[in-house]
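Visitor: Attaching a single structure in structure tokens format; questions to follow.
The values are calculated or read from the model by the stated rules, or taken from the named source; none is laboratory data. Because the structure is a prediction, the values reported are computed rather than measured. We place every Cβ from the backbone using ideal geometry, glycine too, and count neighbours over all the protein chains shown. Just the protein is used for accessible areas: all its heavy atoms, side chains included, with ligands, DNA and RNA removed. Shrake-Rupley method; radii C 1.70, N 1.55, O 1.52, S 1.80 Å.
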Amino acid sequence: MSELDYIRWIRSQTPKAPRVLLGPGDDAAVVDWATGKPCVVTTDMLLEGSCFRLAEAGPYLVGRKALAVNLSDIAAMAARPVAAVISVGLPRQGGREIAAELYRGARELADQFETPIVGGDTNSWDGPLVISVTILGEATDRGVVRRSGAQPGDWLLVTGPLGGSIQGKHLTFIPRVREALRLHEVADLHAMIDISDGLAQDVNHICEESHCGAVLTAEAIPITEAARKMSDAKSPLQHALSDGEDFELVFAVSREDGERLPRAELGMVKIGECVAEGLWLEECGVRKPLEVRGYVHEF
Ligand SMILES: [Mg+2]
């Protein structure tokens, strides 16, 4: 299949969307931004061998994940996704089938979040699969939520259980876009981040940007079944604290908002509080320094 055939096929698969004035097939796409709200842009590139194993995950789930991680970043800003562009570097071997399945995986999730895929680029080469997604989102009337803004005394909450995502959740998670928008309506979100590097590390990102500290309560941290079943040297709690790619949201709100939120209904759990400085783990009432050991890209 040539790139032209692929574009023709994608055009035939692309439904009309109200804000897409011009979709795939021209030199650039045109998206209606007459709402006047700020554009929130995020991009993420996934590399075979580093971010996924194509033979294990299959191209459908890789396409889905590439879109999902970007939706998660839009969620972390409490913004609304509007449109996506996807670029791929396809391996020459089997590129045609991979291209179709990548698109299908991305498209199914995009449809669930009403995020039309408006364009992209397709190349093939002698290297492994590379897929890069960019999402254009839109701030709500309440603006975006940044990592800065947490204050000592704030509660820290998380949207779901953590750890062991390598067992499958890193490919199949549902980005917390709806939860973030709902929270943004009912509470004054001081700071928020999606957990990509691991809970301890991502809470540390909030602390650094907010110039405060945090104490996490070991017994309160929700842990996935997957993390409990892992049989390596790490405890389930250690998995929950340091495993990457959970893609839940961690956020800081005032104590008053924290108490008021329908936490059980929203599936949210208080895991700690912000303090003046330091990063701490409190276990059985004893406070110890929390080592930040999450995933870091080295280069
Ligand atoms: Mg993020």
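Visitor: Quick check on my filter: what residues within the range 32-48 are in contact with a helix residue (DSSP H, G or I) (Cβ under 7 Å, 6 or more places away or on another chain), within 16 Å of the ligand (Cβ to nearest atom) and farther than 15 Å from Pro81 by Cα?
Guide: Within the range 32-48, just Leu46 meets the criteria.
Visitor: OK, next. Select from the range 1-31 the residues that are open to solvent by less than 70 Å² (accessible area, probe 1.4 Å) and of a type in the set (Ser, Thr, Tyr) and write down the one among them that is nearest to the ligand (Cβ to nearest atom).
Guide: Among residues in the range 1-31 that are open to solvent by less than 70 Å² (accessible area, probe 1.4 Å) and of a type in the set (Ser, Thr, Tyr), the one nearest to the ligand (Cβ to nearest atom) is Thr14.
Visitor: Residues of the range 132-162 being of a type outside the set (Ser, Thr, Tyr) and touching a Lys or Arg at 6+ places or on another chain (Cβ under 9 Å), which ones?
Guide: Step one: filter the range 132-162 for residues of a type outside the set (Ser, Thr, Tyr), giving 133, 135-139, 141-147, 149-158, 160-162.
Selection gives Gly137, Glu138, Ala139, Asp141, Gly153, Asp154, Trp155, Leu156, Leu157, Val158, Gly160.
Visitor: Search the range 253-269 for residues that are more than 15 Å from Ala180 (Cα to Cα) and pair each with any residue that is open to solvent by 100 Å² or more (accessible area, probe 1.4 Å) when their beta-carbon atoms are under 8 Å apart and the residues are at least 6 apart or on different chains.
Guide: none
Visitor: Let me ask another. Determine which single condition Trp125 fails, assuming it passes every other condition in (1) out of contact with any Pro (no Cβ under 7 Å at 6 or more places or on another chain); (2) within 30 Å of Gly278 (Cβ to Cβ); (3) away from the ligand (no atom under 15 Å from the Cβ).
Guide: (2)
Visitor: Name the helices (runs of 4 or more DSSP H) wholly within the range 188-271 that hold at least 2 residues that are away from the ligand (no atom under 16 Å from the Cβ)? Full working, then the answer.
Guide: Working: elements: 199-210, 225-229, 236-242, 255-260, 263-266.
The helices (runs of 4 or more DSSP H) meeting that bar are 225-229, 236-242, 255-260, 263-266.
Visitor: Glu97 versus (1) at pLDDT 95 or above; (2) surrounded by fewer than 18 Cβ atoms within 10 Å (Cβ to Cβ): which is the lone unmet condition?
Guide: (1)
Visitor: Okay, next question. Conditions: (1) under 30 Å from Met1 (Cβ atoms); (2) of a type in the set (D, E, K, R); (3) open to solvent by less than 60 Å² (accessible area, probe 1.4 Å). Glu179 meets all but one. Number of the miss?
Guide: All conditions pass for Glu179, except number (1).
Visitor: Given the conditions (1) surrounded by 19 or more Cβ atoms within 10 Å (Cβ to Cβ); (2) over 18 Å from Met268 (Cα atoms), report the number of the one that Trp155 does not fulfil.
Guide: (2) is the only condition that Trp155 fails.
Visitor: Scan the range 58-113 for residues that are touching a residue at least 60 places away in the same chain (Cβ under 8 Å), assigned to a loop (DSSP other than H, G, I, E, B) and more than 16 Å from the ligand (Cβ to nearest atom) and jot them down.
Guide: Within the range 58-113, just Phe113 meets the criteria.
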